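Asker: Sending over a structure as structure tokens; questions will come in a sec.
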Amino acid sequence: MGAIKRIGILTGGGDCPGLNAVIRAVTRSAHGAGMEVVGIMEGFGGLVNGLWRLLDEKDVTGILPRGGTILGTSNRDNPFNYCVRYEGDQPIFEDCSEVALENLEKMGVEALVVVGGDGSLHIALGLSDRGARVVGVPKTIDNDVGGTDVTFGFDSAVITATEAIDKLHTTAESHHRVMVLEVMGRNSGWIALMAGMAGGGDVILIPEIPFTFVGIAASISERRERGKRFSIIVVAEGAVLPGGEPVSRVSAAGTTILGGVGEVVAREVEARASLETRVTVLGHLQRGGSPSPFDRNLATRFGVKAVELILDGKFGMMTSLRTPDIGHVPIAEAVAARKTVPPDGDLVSTARAVGTSFGD
């Protein structure tokens, strides 16, 4: 294999703070190594449709503190199952992976950096299996990608959620209410747990630990007996209802969207604990805004490492944080299983030790 002259980068899946920091780091370090950088627009959809542009220094100047992604993204487009048309209201899907690979060749892209979460990295692995030279970079506010201590975007989301809990504390205490905060995280409870602990949440409900409404009400009643006239409940969007499933709905595009568990919890708590209860759904505020210093630095380190892996010919790999060092693991290993909160791990036991209830 000769020296690589042109690499590509795309951002796939849901956005999060730090994506622009990776784009900047990949572009600058690649230019320093004598390589051109192609920015593929709108995630994997842009790869299928051939949407791209060369990135130069001015494109990445000033983007380090910006949220979102200058390349755009999509969490619906999968080259292996791509919507090519509609027949009436029904989408028709086809395998367009060969088109995606052909477009990489037309772009002159000899190696591709895929910045994404679990879904995007599964697609990256598929392209790698088809012969593409791919390097993955793990991003997601959910922190559910294996093979790395943490993904970038997570720290920023936790800060946003913690600030919300801090604000809810003052109004909850003033009105002697129960405040329920629903946060993101899909089927992992990392955001709820870390923000709940940092914000002093009284009850934390996560997918990994089954809860009951009786257990929640008992915790709130016990607080009231100790003179605590308000409570904060932090609930992950993927928390499973007692004896049931996560609360979700199907979007117009046919995808399942988690959300709504906070309303159910609030209704049940108000009825059982006889306390006025209000719910706040934090939603996409967790995805927006400027990345934290930690996420800026982690994203930058990941971007530089991705270029190093390309120069070393180490494809099919994902950048990884193994504190304090940046290394790499096979993408296949990283996506083999979703990283979830250990129910008996140190974080949960620490929260329990300071009086936090998990509703169990």
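Asker: If you rank GLU245, GLU102 by fewest surrounding Cβ atoms within 10 Å, what's the result?
Answerer: Details: GLU245 8, GLU102 13.
Going from least to most buried by this count: GLU245, GLU102.
Asker: What whole number of Å gives the distance from the Cα centroid of segment 79-126 to the Cα centroid of segment 274-312?
Answerer: When both Cα centres are located, 24 Å separates them.
Asker: Going by average Cβ neighbours within 10 Å, how do the peptides 2-11, 340-349 rank, with the highest at the top? Show your work: numbers first, answer last.
Answerer: Details: 2-11: 19.9, 340-349: 13.8.
Order by mean packing, descending: 2-11, 340-349.
Asker: Need the list of lysines near LYS167 for cross-linking: C-alpha distance under 18 angstrom, and skip anything on the same chain fewer than eight residues off.
Answerer: Cα-Cα hits under 18 Å: LYS228.
Asker: Another question about this same structure. Provide the gained length on full extension for the span VAL354 to HIS176, in nm with one decimal, where the gain is 0.36 nm per separating residue minus the Cα-Cα distance.
Answerer: Values: separation 178, 0.36 × 178 = 64.08 nm, distance 2.16 nm.
Between VAL354 and HIS176, full extension yields 61.9 nm more.
Asker: Same structure again: With N denoting the number of residues in segment 155-287, provide Rg(C-alpha) divided by 2.2 N^0.38 Å, to two decimal places. Provide the component values of the computation, followed by the final result.
Answerer: Values: Rg = 14.0 Å, N = 133, 2.2 N^0.38 = 14.1 Å.
With N residues counted in segment 155-287, Rg over 2.2 N^0.38 Å equals 1.00.
Asker: Taking the alpha-carbon distance from LYS106 and a cut-off under 19 Å, which lysines remain once sequence neighbours fewer than 8 residues away in the same chain are dropped?
Answerer: Candidates past the 8-residue exclusion: LYS5.
Asker: Also, quick follow-up: Shape of segment 5-58 from its Cα gyration tensor (a ≥ b ≥ c, root eigenvalues): rounded if a/c is under 1.5, otherwise prolate when a/b > b/c, or oblate? Working shown, then result.
Answerer: Working: a/c = 2.49, a/b = 1.29, b/c = 1.93.
Because a/c hits 1.5 or more and a/b fails to exceed b/c, segment 5-58 counts as oblate.
Asker: State the percent of C-alpha pairs, over all pairs in segment 27-85, separated by a distance greater than 14 angstrom. Intermediate values should be presented prior to the final figure.
Answerer: Working: 1049 of 1711 pairs.
Beyond 14 Å sits 61 percent of the P(r) for segment 27-85.
Asker: How many percent of DSSP beta bridges within the chain run antiparallel, rounded to 5?
Answerer: Values: 18 of 50 bridges.
The antiparallel proportion sits near 35 percent.
Asker: Which of the aspartates and glutamates could a cross-linker span from LYS58 if the Cα-Cα distance has to be under 18 Å and same-chain partners fewer than 8 positions apart are dropped?
Answerer: Correct list for LYS58: GLU36.
Asker: Consider all pairwise Cα distances in the chain and report the whole-number % of them above 40 Å. If you can, show how the numbers build up before the last one.
Answerer: Values: 12791 of 64620 pairs.
It works out to 20 percent of all Cα pairs.
Asker: Here is a follow-up. Please give the contour-minus-distance gain from ASP344 to ARG278: 0.36 nm per residue of separation, less the Cα-Cα distance, rounded to one decimal in nm.
Answerer: This chain segment gains 20.7 nm when fully extended.
Asker: Then there is this: State the Cα centre-to-centre distance between segment 1-56 and segment 198-227 in whole Å.
Answerer: Value for the Cα centre distance between the two parts: 45 Å.
Computed from the coordinates by the stated procedures, all read-outs in this text should not be read as laboratory data. A quick note: this is a predicted structure, and the numbers were derived from the prediction, not measured. Every residue, glycine among them, receives a Cβ derived from its backbone with ideal geometry; neighbour counts consider all protein chains shown.
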